[in-house]
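J.: Below you will find the structure I want to go over with you.
The values are calculated or read from the model by the stated rules, or taken from the named source; none is laboratory data. All of these numbers come straight from a predicted model, not from anything done at the bench. Here the Cβ positions follow ideal geometry from the backbone for every residue, glycine too, while neighbour counts run over all protein chains shown. The area values use the complete protein model at the heavy-atom level, side chains included, leaving out ligands, DNA and RNA. Shrake-Rupley method; radii C 1.70, N 1.55, O 1.52, S 1.80 Å.
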Amino acid sequence: MKESSLAFRGHLFRAGLALLVLIVCFSVAGVAGAAAPAPADDRAAVASPATALISPVGGRLSVEERLAPLATGPEAGRSLVFALPPDAANLQLAVPGQTIVRWSTTPVPLAESAGLARAREELVTERMRLNARLIAVKAAIALWQSPENAAAQDAARRASLIAESVPGLAEEQEMLETRIRMLGQRIERLPAAAGLGELIHVTLQKPVPAGEKVLVRYSYTWRHCGWNAVYDFNARPEEGSGGVIDVRLMADVWQYSGIDWKGTRVTLATRGSGPREPAPLPEWVVDSQPRPQPRPVPLTLNAARSAKVVAEGAADAAPANAGVAADSSSVYASWTLAEPGLPEGRSRLVITADAWQAPLQWLARPTRGDGRVWLLAKYALTGDTAWPEGMAEYSVDGQGVGAGMFRPRGGEATLYFGADPRVNVRTFDDSRTKGERGFIKTSKTWTWAWTYTVSNEHARPVTVKLERPAPIIVDEGVTVTYKDEPPAQKNDQEHMLFWNVEVPGHGKASVKHSVTISSPEKLQLIPDVP
């Protein structure tokens, strides 16, 4: 009788457990259903722009729509309605053939139709489903471990049931938590939903005949779109007479409107950097007691407008061979995409590709602990092609060597391709002395001497430009003398000494460099060598 009672209690315990799991699942599912987004019919739709002029920090979007006036209300036949995305500004509005009496705005939730929005919705729905299952699993584990249920079964039977059920539930809990965490990371990488936009109510002076639509043209500035120049430089040292550099200028374009722009004529434009206006001219006061002049405060853009929108993942890249039409005749260079439209998210396309005939150069700036020899190239930027600043990837024969900003200056591009592993320079300290001159010690001297030996493991010879700083003398009576083999060349503007060292293939070449500094004994000079 006792065993039957215990068996009945065990069945009752398991039935209660199953009922609890079902209740939890249905409750969470009901909460998830209640939190589901409102039907699309209750939301306003933003129209795709006819044209979009996009700069690195935003754009101006122009729209043309044929709208039917509202048929009901106090302004029936004279009221038009359309939607703008969040943060739209500087609205310019025209209705050809009509006079606009006024327009007003009200917030409205926006419908999203782009692939990125669908991906976001699917991820959120899947996370809600997994959270519901996780709550049920945790409830089941808690019910098994609850001390209130200890009397429902004998200790041995209960221990056996716990050993059979709890480990599997704990394993499922860990798996669910991992999947939920990964889904959360994917959702965080996606841009936020469009959220609330603005519903524009336009009142016309004259009513529109029933059944007819009117053409509405409007434009606005919007900061949730932009583009950046992205470069790819690949050096081919063995090509041509001195090397060739393959160049690709690409555009990394983004827009996060919640819709895919369909049929939009997209133009990318460069933008001026720095403040909008110059600082005022400073005063020039000549006085025996000079007064400190306040430094001008630079004008900066609003951080929210200048910040780059960062998002990863769900957008498809535009075809690499997407055509563009370049225009460098205006103040800012621009490129108009041949293929209309722009999907929501990030897209990348090639603006131009070229092969620069730029011989590679080798540069050494040796110190005691650094014997690297750097690869670089200089190229004169001629013609009408615009090369805006942008991030660049650098490689040699397809092998990546790093990334950095590309900033052409003065019509010339200087490209660094890292250190050449087959060319290096060793520094030997030949002398480091200090002495005094004159019968009564009228001056002090310091002398340093080095030998720089450049090694070349390439089969062909290379020319290495070896640079060293020249001392900058400030105090009167201090002199500098050099003893070099071969003699150094000087760049007085940059306070630099340099040698163009011819190094044979699979060979070595050396430079001897000696510096002596003299100063009056009374001058407390303690020179150091970088």
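J.: Condition check: surrounded by fewer than 16 Cβ atoms within 10 Å (Cβ to Cβ), over 30 Å from Ser48 (Cβ atoms) and at pLDDT 80 or above. Does Ala142 satisfy that?
T.: Working: surrounded by fewer than 16 Cβ atoms within 10 Å (Cβ to Cβ): yes; over 30 Å from Ser48 (Cβ atoms): yes; at pLDDT 80 or above: yes.
Yes, satisfied.
J.: Let me ask something additional. Within the range 443-453, does at least one residue satisfy the condition of being under 30 Å from Gly243 (Cβ atoms), touching a residue at least 24 places away in the same chain (Cβ under 8 Å) and under 42 Å from the mean Cα position of the chain (by Cα)?
T.: yes
J.: Related question: Being open to solvent by less than 20 Å² (accessible area, probe 1.4 Å), modelled with pLDDT under 90 and under 28 Å from Asn228 (Cα atoms) narrows it down to one of Leu116, Leu61, so name that one.
T.: Result of the check over Leu116, Leu61: Leu116.
J.: Related question: Quick check: anything in the range 289-312 modelled with pLDDT of 70 or more and surrounded by fewer than 10 Cβ atoms within 10 Å (Cβ to Cβ)?
T.: The answer is no; no qualifying residue exists.
J.: So the check is Cβ under 9 Å with 6+ separation or different chains; which pairs have a first residue in the range 354-376 that's farther than 27 Å from Trp387 by Cβ and in contact (Cβ under 8 Å) with a residue 24 or more places away in the chain and a second one that's in a loop (DSSP other than H, G, I, E, B) and basic (Lys, Arg)?
T.: Pairs found: Arg372/Arg365.
J.: Right, another one. Anything in the range 84-112 that is surrounded by 14 or more Cβ atoms within 10 Å (Cβ to Cβ) and not in a strand (DSSP E or B)? List them, or say none.
T.: Pro85, Pro86, Asp87, Ala88, Val95, Gln98, Ala111, Glu112
J.: Looking at the range 437-454, can you tell me whether even one residue there is in contact with a Pro (Cβ under 6 Å, 6 or more places away or on another chain), open to solvent by 20 Å² or more (accessible area, probe 1.4 Å) and modelled with pLDDT of 90 or more?
T.: No: the range 437-454 contains no residue that is in contact with a Pro (Cβ under 6 Å, 6 or more places away or on another chain), open to solvent by 20 Å² or more (accessible area, probe 1.4 Å) and modelled with pLDDT of 90 or more.
J.: Being charged (D, E, K, R), touching a residue at least 12 places away in the same chain (Cβ under 8 Å) and closer than 20 Å to Tyr256 by Cα is the requirement here; does Arg189 meet it?
T.: Against the criterion (charged (D, E, K, R), touching a residue at least 12 places away in the same chain (Cβ under 8 Å) and closer than 20 Å to Tyr256 by Cα), Arg189 qualifies.
J.: Separate question: The conditions are (1) buried (at least 17 other Cβ atoms within 10 Å of the Cβ); (2) under 29 Å from Pro96 (Cβ atoms), and Asn234 fails exactly one of them. Which is it?
T.: (2)
J.: Another question about this same structure. Quick check on the range 409-420. Is at least one of its residues touching an Asp or Glu at 6+ places or on another chain (Cβ under 6 Å) and either within 20 Å of Arg236 (Cα to Cα) or surrounded by fewer than 13 Cβ atoms within 10 Å (Cβ to Cβ) (or both)?
T.: For the range 409-420, residues touching an Asp or Glu at 6+ places or on another chain (Cβ under 6 Å) and either within 20 Å of Arg236 (Cα to Cα) or surrounded by fewer than 13 Cβ atoms within 10 Å (Cβ to Cβ) (or both): absent.
Per-residue answers, yes or no, for (1) aliphatic (A, V, I, L, M); (2) more than 22 Å from the chain's Cα centre (by Cα); (3) not in a loop (DSSP other than H, G, I, E, B):
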position	(1), (2), (3)
Ala355	yes, yes, yes
Trp362	no, yes, yes
Leu376	yes, yes, yes
Ala386	yes, no, no
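J.: Can you tell which of Ala71, Ala117 is over 17 Å from Thr221 (Cβ atoms) and either of a type in the set (Asp, Glu) or over 37 Å from the mean Cα position of the chain (by Cα) (or both)?
T.: Only one candidate qualifies: Ala71.
J.: List pairs: first residue in the range 477-497 and in a loop (DSSP other than H, G, I, E, B), second residue open to solvent by 50 Å² or more (accessible area, probe 1.4 Å) and among the aliphatic types (A, V, I, L, M) anywhere in the structure, Cβ distance under 8 angstrom, at least six positions apart or on different chains.
T.: These pairs meet every condition: His495/Ile472.
J.: Further question: Among the numbered conditions (1) over 25 Å from Lys444 (Cα atoms); (2) buried (at least 16 other Cβ atoms within 10 Å of the Cβ), tell me where Ala488 comes up short.
T.: Among (1) over 25 Å from Lys444 (Cα atoms); (2) buried (at least 16 other Cβ atoms within 10 Å of the Cβ), the lone unmet condition for Ala488 is (1).
J.: Any idea how many residues of the range 455-465 are within 13 Å of Trp362 (Cα to Cα) and either modelled with pLDDT under 85 or exposed (fewer than 11 other Cβ atoms within 10 Å of the Cβ) (or both)?
T.: Going through the range 455-465 one residue at a time, the tally reaches 0.
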